[in-house]
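Asker: Before we start, here is the structure in question, set down as structure tokens.
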Amino acid sequence: MGGGTHRPTMDLLRSEPMQLVQLIIPIESAHRSISYLGDLGFFQFKDLNSEKSPFQRTYATQIKRCGEMARKLRFFKDQMVKAGLSPSTRSAISDDVDLDNLEVKLGELEAELMEMNANHEKLQHTYNELIEYKLVVQKAGEFFHSAQSMAAAKQREVEAQQRGEGSIDSPLLLEQEMVTDPSKQVKLGFVSGLVPREKSLAFERILFRATRGNVFLKQSVLEGSVTDPASGEKAEKNVFVVFYSGERARNKIVKICEAFGANRYPFTEDLSKQFQIITEVSGRLEELKTTIDVGLVHQTNFLQTIAYHFEQWSHLVKKEKSIYHTLSMLSIDVTKKCLVAEGWCPVFATNKIQNVLQRATVDSNSQIGTIFHILQTKESPPTYFHTNKFTSAFQEIVDAYGIAKYQEANPGVFTIITFPFLFAVMFGDWGHGICLFLATSYFIIKEKKFSSQKLGDITEMIFGGRYVIMMMALFSIYTGLIYNEFFSVPFELFGPSAYGCRDPACRDASTAGLVKVRSTYPFGVDPRWHGTRSELPFLNSLKMKMSILLGVAQMNLGIILSYFNAKFSGNELNIRYQFLPQMIFLNSLFGYLSLLIVVKWCIGSQADLYHVMIYMFLSPTDDLGENQLFFGQKFLQIVLLLAALVAVPWMLFPKPFLLKKQHEERHRGQSYALLENSLDESDEMEVRHGSSSHEEFEFSEVFVHQLIHTIEFVLGAVSNTASYLRLWALSLAHSELSSVFYDKVLLLAWGFNNIFILIIGIFVFICATVGVLLVMETLSAFLHALRLHWVEFQSKFYEGDGYKFQPFSFASLDAEDE
């Protein structure tokens, strides 16, 4: 059980030291031990039952029970959302609730709630049917009342004609019709109901086609919408009455109504019965309305009781499900009295893990304690870095490329400074930087509020990277002060310009009229260089050469980190035949170019560095002439050129032959230690596999791999250096866009001396600045800085083929979606 006192290194450069541990846990204390380890959050379990399906595992039944309880909780949550309720955050989350009792309670609550829903749906269905029935009786009654009134008027007219004197012009057919025996008249039947308004025309056409026109249809449009009893949704409907003759016609009408979803309701022609029906239906509706309202109040109170305990129950179910899922990853001892677990944990957490295991043994009243045993393994451990809310976003930038291999140098340490700085080189404007800083300051000040809310995708992404944006803004203010640009406008912040006009007739647009009249501007670019012809050659040259210097410096940093990686792992071959030739090759060419840039700045020479670098390869022995910057430059160029040429075969040939020699010595049992200390992991795995199967060393594969690596570095050194020129290009583009918006929008509107045009110009300037410069340009510079880190910087030393330490922890349970 032993273990010394360890403290976390809190070192972002290297992963925390990890160890593989075996735990032998008694059955009676297994559940509590896993629970305490989940509270601690420092142990990553290995799945010892990976060959088994989820249904074959020991605790599959318990996991299924937890899944069923989670389903019931989701049902409760849906019902609460429909009722406009939310889970209470006042209820304290505790583990006092027993899982078995909770399972029974959730079942009872679900049954009761489902019964409430069924009764409510039944009552609501009846209520909606009565509403429609009442409307049908009212509208159909109007039809019949209107028809009876017309018939009575016609009857009175006929009787008046019969009492009058006969005339030859009297209609004989009408007299015959009126004296016809009423018993011989045909009695028409009718069907009444409601049909959806959008189907009414089709309903009418089908009726006439099916009955060959032997029906009479009367429709009335209802004002507003009614709730359909079947679907429970609001719909616009028409009241209809279909008159027919014969039973066959009635059967066809009934089938057509069913096909069109038309609800049929009975109707009587007796006016007194109609009033009686309406009175009875109205009374019944009032009773149902009262019953439904009481039921809803009862259901709301019931759901409020569930909502008060919902978070506690949900947390417990999630916790228990994760515990049993973890227990299913453990293997059972042959005696079936112990569970065997294996997993990774940080070395500094050894004592903490042992303490919680001991506490679990005591709390479970177990007679046997958990055995804590450290295993020796050649398996690569997971990578674990201590991060906080500031460093975590920078670490995620690196992790998006790949997780650092165990004990591999972590680029995240350098990314904290280099990423926002390279962004600022492209975005340099202290006015825009202040805008970014104010925007991200709002998220930082309100971080407690935002961290407890459900945010949208874009807002959540911005909030997660708030400290990255803050650093980008601060560095943009710094580089903007160096560039002396505030929304593209220069200011004399640190004193007056060092340049003045030679005579009163000179203009800013002419460089010939400017002379140096005082000491050099103390910080950044002189304000008189903006808006003059000297800006184009000087600022462009400054930013371009600065991009090369920054690129070469960062690539050198990457190669130096590859040395520390090799040194830390004891890989002497990589130090001798990878680090040294790479450093020599890169600095013989581009390091020398950086030296020339600095020397030219210091002595103020007019030498053409393009000419120097080109003829360093084409004519290394020719005199430099006016392009010579210092004594001995020609000799130094020849030495550096020869060193670069030697570095290429130095990277290519020695390492494959030395690997072959060591492989042969290993088979003869002469160089175990040398082999283990000199091979990188991929080579070591390859040789170990070869030794176990007694296969021959594949020299051709190793040589081709080294050839590809050499070609990739040589070509990459050139292309990566050129790639850093994007710092210059995007900086120039940002400055020019900002200048265009200022000159062609704001100043142009100002020149009209019209307040209305000025307001429009200010509005357009603000929209263009925010939309283009603060959003699109920010995203563009961010992506280019990301590429420079992932490709140009990290490719020199970072493999990123590790895996992250993901301990079993309850801390993130509430944030997970079921």
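The values are calculated or read from the model by the stated rules, or taken from the named source; none is laboratory data. Treat the numbers as computed from the prediction; the structure is a model and nothing was measured. Please note: Cβ atoms are built from the backbone with ideal geometry, for glycine as well, and neighbour counts cover all protein chains shown. Ligands, DNA and RNA are excluded from the accessible area calculation, which covers all protein heavy atoms including side chains. Shrake-Rupley method; radii C 1.70, N 1.55, O 1.52, S 1.80 Å.
Asker: I'd like to verify a number: residues in the range 734-756 that are free of Cβ contacts under 8 Å to residues at least 24 places away in the same chain and open to solvent by less than 60 Å² (accessible area, probe 1.4 Å), how many?
Answerer: Total satisfying the criteria: 4.
Asker: Out of all the residues in the range 555-610, which are in contact (Cβ under 8 Å) with a residue 60 or more places away in the chain and assigned to a loop (DSSP other than H, G, I, E, B)?
Answerer: Across the range 555-610, the qualifying residues are 570, 571.
Asker: For residue 579, state whether it is over 16 Å from residue 544 (Cα atoms) and among the aromatic types (Phe, Trp, Tyr). Before you say what the answer is, go through the steps one by one.
Answerer: Values: over 16 Å from residue 544 (Cα atoms): yes; among the aromatic types (Phe, Trp, Tyr): yes.
Yes, satisfied.
Asker: Then there is this: Suppose we keep only residues that are closer than 22 Å to residue 46 by Cβ and aliphatic (A, V, I, L, M) within the range 358-385. Which one would you say is most open to solvent (accessible area, probe 1.4 Å)?
Answerer: It comes out as 371.
Asker: In the range 791-818, how many residues are assigned to a helix (DSSP H, G or I) and either modelled with pLDDT of 95 or more or open to solvent by less than 20 Å² (accessible area, probe 1.4 Å) (or both)?
Answerer: Result for the range 791-818: 3.
Asker: Taking the range 202-219, which residues are open to solvent by 20 Å² or more (accessible area, probe 1.4 Å) and in contact with a Lys or Arg (Cβ under 8 Å, 6 or more places away or on another chain)?
Answerer: 210
Asker: Also, quick follow-up: Could you identify the single residue in 126, 58 that is in contact (Cβ under 8 Å) with a residue 40 or more places away in the chain, within 20 Å of residue 30 (Cα to Cα) and out of contact with any Gly (no Cβ under 8 Å at 6 or more places or on another chain)?
Answerer: None of the other options fit; the residue is 58.
Asker: Kindly indicate which of 28, 110, 51 is among the acidic types (Asp, Glu) and not in a helix (DSSP H, G or I).
Answerer: Being among the acidic types (Asp, Glu) and not in a helix (DSSP H, G or I) holds for just one of 28, 110, 51, which is 51.
Asker: Could you list all residues from the range 342-356 that are in a helix (DSSP H, G or I) and in contact with a strand residue (DSSP E or B) (Cβ under 7 Å, 6 or more places away or on another chain)?
Answerer: Scanning the range 342-356 gives 347, 353, 354.
Asker: Limited to the range 260-293, what total is found for residues that are open to solvent by 40 Å² or more (accessible area, probe 1.4 Å), farther than 27 Å from residue 189 by Cα and not charged (D, E, K, R)?
Answerer: Matching residues across the range 260-293 total 2.
For every residue, the table says whether it meets (1) part of a loop (DSSP other than H, G, I, E, B); (2) at pLDDT 95 or above.
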residue	(1), (2)
360	no, no
365	yes, no
422	no, yes
454	yes, no
460	no, no
463	no, no
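Asker: Filtering the range 42-56 down to residues that are in contact with a helix residue (DSSP H, G or I) (Cβ under 8 Å, 6 or more places away or on another chain) and open to solvent by 30 Å² or more (accessible area, probe 1.4 Å), which residue is modelled with the lowest pLDDT?
Answerer: Per the criteria, the residue is 54.
Asker: Would you please list the contacts, defined by Cβ atoms under 6 Å and residues six or more apart or on different chains, that run from a residue in the range 327-348 that is over 16 Å from residue 41 (Cα atoms) to a residue that is open to solvent by 10 Å² or more (accessible area, probe 1.4 Å) and of a type in the set (Lys, Arg)?
Answerer: From the range 327-348, the pairs are 328/57.
Asker: Select, from 507, 518, the only residue that is part of a loop (DSSP other than H, G, I, E, B), at pLDDT 80 or above and touching a strand residue (DSSP E or B) at 6+ places or on another chain (Cβ under 9 Å).
Answerer: 518
Asker: Right, next: Exactly one condition in (1) open to solvent by less than 40 Å² (accessible area, probe 1.4 Å); (2) in contact with a strand residue (DSSP E or B) (Cβ under 9 Å, 6 or more places away or on another chain); (3) among the basic types (Lys, Arg) is not met by residue 250; state its number.
Answerer: Among (1) open to solvent by less than 40 Å² (accessible area, probe 1.4 Å); (2) in contact with a strand residue (DSSP E or B) (Cβ under 9 Å, 6 or more places away or on another chain); (3) among the basic types (Lys, Arg), the lone unmet condition for residue 250 is (1).
Asker: Something else now. Are any of the residues in the range 228-247 assigned to a helix (DSSP H, G or I), at pLDDT below 90 and open to solvent by 70 Å² or more (accessible area, probe 1.4 Å)?
Answerer: So far as the range 228-247 goes, yes, one or more of its residues are assigned to a helix (DSSP H, G or I), at pLDDT below 90 and open to solvent by 70 Å² or more (accessible area, probe 1.4 Å).
Asker: Just name the residue that is farthest from residue 717 (Cα to Cα) out of those in the range 521-560 that are at pLDDT 85 or above and of a type in the set (S, T, N, Q).
Answerer: Applying the filter and picking the extreme gives 547.
Asker: Turning to a different aspect of this structure: Specify which of the listed residues (355, 351, 388, 410) is open to solvent by 40 Å² or more (accessible area, probe 1.4 Å), in contact (Cβ under 8 Å) with a residue 24 or more places away in the chain and either within 23 Å of residue 44 (Cα to Cα) or touching a Ser or Thr at 6+ places or on another chain (Cβ under 9 Å) (or both).
Answerer: 351
Asker: Test residue 64 against the stated conditions and say whether it is part of a loop (DSSP other than H, G, I, E, B), free of Cβ contacts under 8 Å to residues at least 12 places away in the same chain, open to solvent by 30 Å² or more (accessible area, probe 1.4 Å) and more than 30 Å from residue 408 (Cβ to Cβ).
Answerer: For residue 64, the condition - part of a loop (DSSP other than H, G, I, E, B), free of Cβ contacts under 8 Å to residues at least 12 places away in the same chain, open to solvent by 30 Å² or more (accessible area, probe 1.4 Å) and more than 30 Å from residue 408 (Cβ to Cβ) - is not met.
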